[in-house]
Every structure is written in structure tokens, then in C-alpha cells.
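The values are calculated or read from the model by the stated rules, or taken from the named source; none is laboratory data. In this text, all values refer to a predicted model and were calculated from it rather than measured experimentally. Note: ideal-geometry Cβ built from the backbone for every residue, glycine included; neighbour counts use all protein chains shown. Side chains included, ligands, DNA and RNA excluded: accessible areas come from the protein's heavy atoms. Shrake-Rupley method; radii C 1.70, N 1.55, O 1.52, S 1.80 Å.
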Amino acid sequence: MPEPRPHRALVTAPFRGPGLDALREIADVVLDPWIDHRPLRIYDADALAERVTTEGADLLIVESDSVKGPVLDLPLVAIGSCRGDPTNVDVPGATARGIPVLRAPGRNADAVAELAVGLLLAVTRGIPRADLDVRAGEVYRDGTIPYQRFRAWQLAGQTVGIVGLGAVGRAAAWRFAGMGMQVISHDPFAPDATHSLDDLLAEADVVSMHAAVTPDTHGLIGAEQFARMREGACYLNTARAGLHDTDALVAALERGHLGGAGLDHFDGERLPVDHPLCSMANVVLTPHIGGATYDTEANHTTAIVEGLRMLLAGGSPPNLVNPEVLT
Ligand SMILES: NC(=O)c1ccc[n+]([C@@H]2O[C@H](COP(=O)([O-])OP(=O)(O)OC[C@H]3O[C@@H](n4cnc5c(N)ncnc54)[C@H](O)[C@@H]3O)[C@@H](O)[C@H]2O)c1
């Protein structure tokens, strides 16, 4: 008979890879990821507290469920939030009850950076339109061949400006550099960032947004900033729509000042179908899928489980959000 494990973990996040095997070495694991449920199942605090109690779990690992109120009254040894910023957890509440909270910074940096590259190529080479032409049998149209309609400038030799040199910004920077682009950057908190925002906007052929949304960055790119960008510049935002003024973006595209845009996020997570962006041929839109790779799941699994192992061994893991609970 195998020894009973001292801990029991309820995991409602997608969990995979070697980190999951490692968790099974230290805890009995109840794995019931939200992502497998249709319709979507995100627990509110009452439903989560009930589930934790039913499972008899002392370790709770979530991605989007609401961890507050009654959940924090339970005898939890630790909480893992599979996000860079554990916004779904009442961290002060957990701290007040002495419960350590772990997070998973940078888990999706490569995933989002790859989508930024994909959007840039899709916008500048017109890939979605070209694909539609082939599918519709409209390769030859209005007396033209595609070679006439899809001419573009190559990216190698162009300058890309990264706004926000955090986990995603850095993962995007080396990819753009690998494509032969000159990379410049703006981030008031990164000592190695190269430019002020105004200078970056004036110099970049491509502006790629990777800043966190804070009171300082909300609406960072408005009419004035779009006007400062180079004629024909491409604007990418795989971070959050809150970083720009969408009406100003539409205006800059409509008057032809911007050459195109690639966007992975919208206020309220969607656009009305009659929104002007939806009918612009030089705009490519994706519905907040930047982080959606299996690797993101494996990365947050490793981060949370390594943090747990360190915690349970009496250490203070680097991804512990509230280290004051250990003192
Ligand atoms: N599309 C997606 O699915 C997806 C997935 C993950 C993250 N994101 C978004 O991508 C962005 C970056 O995420 P991350 O994990 O790299 O976060 P991060 O915290 O590692 O990096 C954010 C960076 O923004 C910088 N910053 C703060 N104020 C700034 C300012 N005024 N100007 C320029 N930079 C500023 C910070 O110094 C930091 O370096 C966030 O907005 C995040 O919400 C999107």
C-alpha cells in the first residue's frame, strides 16, 4: 500500500507536464480544470468554498475562480493562482489569515510574443485576406494577379518599438531582432529600455504594446501618440485594449496615417460586428488568445508546484506574493 500523502490538492486550473507529476508526489490531487467544462465553469467564492470542503483539500490551485470570503475561512496551507497577477485572489484577506499565495509570472510570455509576431506578419503581408481570396476562388480579381495586390515592405531592416519591457516585451524583442528588425524600447521601470515614449513613437515602423495596464498607462496611446507615429506605421497590441484610445486608433487608420493594426484584446473582450475595425482590410483581430498555448499551462504548473515544494520545505519561494505570512 502506498503511504497516504500528507496533503490534498484541489486543482481547478489546467495543469500538465512534469510539474503535475511533482505535485502528485507531495499531495493527493483532485484535478478538475475549468477549461474542460462547457458551459464555462468559474466558481464564485461560495461555490469554491463548498468544493474545497467537499474535497477535503488543504492546497488550492486555481486560475480564475474567486478566492475570497468563505474560501479564506477554510484551513488552507497554500493557494496557487496560475496567473502573473493573482487578481482573482483577495491577497490582503489571505495574508490576514496567514495563507501563502503563489503566482506564476511570465507563464505566457513566449505564447503572447509568438502571437505578436504572427499578427505583424498577418497585417503586413495581408495573410488573412490572401487566404480568403484563395478559398473564394478569387485569386485573379479585377484584372489583377495576387502579386500585384499583396506587395509589401519586408520587416528585416525595419525598426520595432516595444512599449513595456517586461516578460512578454522581452520575449517579443528577441523574436523581432531574429527577424532582422532593429529593436528599440520604452519602459520607465526598465534600466535597459532605450527610448522615451515620444522618441520611440517617432522612430518605430512597428509599435508593439506590452505594458501592464496601470493608472499611468491607461489610455497611454491616444490621438496625439498615434499622430506622432510614422506615416504607414503598424500598431500591435497583444496586451490590453485599455492601453489605447480605440476611437483614436480608428481615426488614425481611417485617415491612412497608420498602415495597419493587429489587436488581441478589446474592451469587454469583444467588438460589435459593425465596429469600424471589423471592416478594415489592414487590421487583423484575434479574441484574446495570446496566452492560449499548452506550454502556458505547463509553465504555470511548474511555477506553482516549485513554489509549493519550497514553501512546504520551509523556504520562501520567489513567486510568493505575500512573504510577510512567513514571518
Ligand atoms: N493577450 C494575452 O493573452 C495576454 C497574456 C498575458 C499578458 N498579456 C498582457 O501583456 C502585458 C505584458 O504582460 P507581462 O506578463 O509581460 O507583464 P510584466 O509585468 O512582466 O511587464 C509589464 C511591463 O510594463 C511596464 N510598464 C509599466 N508602466 C509602463 C509605462 N508607463 N510605459 C511602458 N511600460 C510600462 C513594467 O515596467 C513592466 O516591465 C500586460 O498588459 C498583460 O496584461 C496579454
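A few points about this structure:
- When ALA172, ALA211 are checked against the criterion of being part of a loop (DSSP other than H, G, I, E, B), of a type in the set (Gly, Ala, Ser) and crowded, with 21+ Cβ neighbours inside 10 Å, a single residue qualifies: ALA211.
- Scanning the stretch 185-199 for residues that are open to solvent by less than 80 Å² (accessible area, probe 1.4 Å) and over 16 Å from ALA172 (Cα atoms), we see that the one that is nearest to the chain's Cα centre (by Cα) is LEU197.
- Within this structure, LEU258 fails the test of being open to solvent by less than 40 Å² (accessible area, probe 1.4 Å), more than 16 Å from the ligand (Cβ to nearest atom), within 23 Å of the chain's Cα centre (by Cα) and not β-branched (Val, Ile, Thr).
- Test: residue in the stretch 274-291 that is more than 30 Å from LEU31 (Cβ to Cβ), touching a Cys at 6+ places or on another chain (Cβ under 8 Å), open to solvent by less than 70 Å² (accessible area, probe 1.4 Å) and among the small types (Gly, Ala, Ser): no
- Among residues of the stretch 46-61 that are closer than 18 Å to CYS82 by Cβ, those with a beta-carbon under 8 Å from a residue that is open to solvent by less than 50 Å² (accessible area, probe 1.4 Å) and acidic (Asp, Glu) at least six positions away or on a different chain give the pairs LEU48/ASP65.
- Residue tally, condition aliphatic (A, V, I, L, M), open to solvent by 40 Å² or more (accessible area, probe 1.4 Å) and either in contact with a Pro (Cβ under 7 Å, 6 or more places away or on another chain) or within 14 Å of the ligand (Cβ to nearest atom) (or both), over the stretch 112-131: 0
- For the stretch 213-242, the candidate set comprises residues that are touching a residue at least 60 places away in the same chain (Cβ under 8 Å) and aliphatic (A, V, I, L, M); within that set, the residue that is nearest to the ligand (Cβ to nearest atom) is ALA239.
- Single residue of the stretch 132-166 satisfying the filter (of a type in the set (A, V, I, L, M, F, W, C) and within 16 Å of the ligand (Cβ to nearest atom)) that is most open to solvent (accessible area, probe 1.4 Å): LEU165
- Test set (1) over 10 Å from ALA13 (Cα atoms); (2) surrounded by 18 or more Cβ atoms within 10 Å (Cβ to Cβ) - PRO70 fails condition number: (2)
- Yes/no for ALA248 being of a type in the set (A, V, I, L, M), more than 16 Å from the ligand (Cβ to nearest atom) and modelled with pLDDT of 95 or more: yes
- SER66 meets each of the listed conditions (1) hydroxyl-bearing (Ser, Thr, Tyr); (2) within 16 Å of the ligand (Cβ to nearest atom); (3) touching an Asp or Glu at 6+ places or on another chain (Cβ under 6 Å) apart from (2).
- Any hit, the stretch 267-275, residues being on the phi < 0 side of the Ramachandran plot, outside any helix (DSSP H, G or I) and hydrophobic (A, V, I, L, M, F, W, C): yes
- Evaluation of VAL117 against (1) touching a Lys or Arg at 6+ places or on another chain (Cβ under 6 Å); (2) part of a loop (DSSP other than H, G, I, E, B) (one fails), failing number: (2)
- Residues of the stretch 114-133 classified as hydrophobic (A, V, I, L, M, F, W, C) and over 13 Å from GLY262 (Cα atoms), total: 2
- For the stretch 73-111, the tally of residues that are within 16 Å of the ligand (Cβ to nearest atom) and either in a loop (DSSP other than H, G, I, E, B) or under 18 Å from ALA47 (Cβ atoms) (or both) stands at 14.
- Sole residue being over 30 Å from VAL77 (Cα atoms), part of a helix (DSSP H, G or I) and open to solvent by 40 Å² or more (accessible area, probe 1.4 Å), chosen from ALA227, ALA252: ALA227
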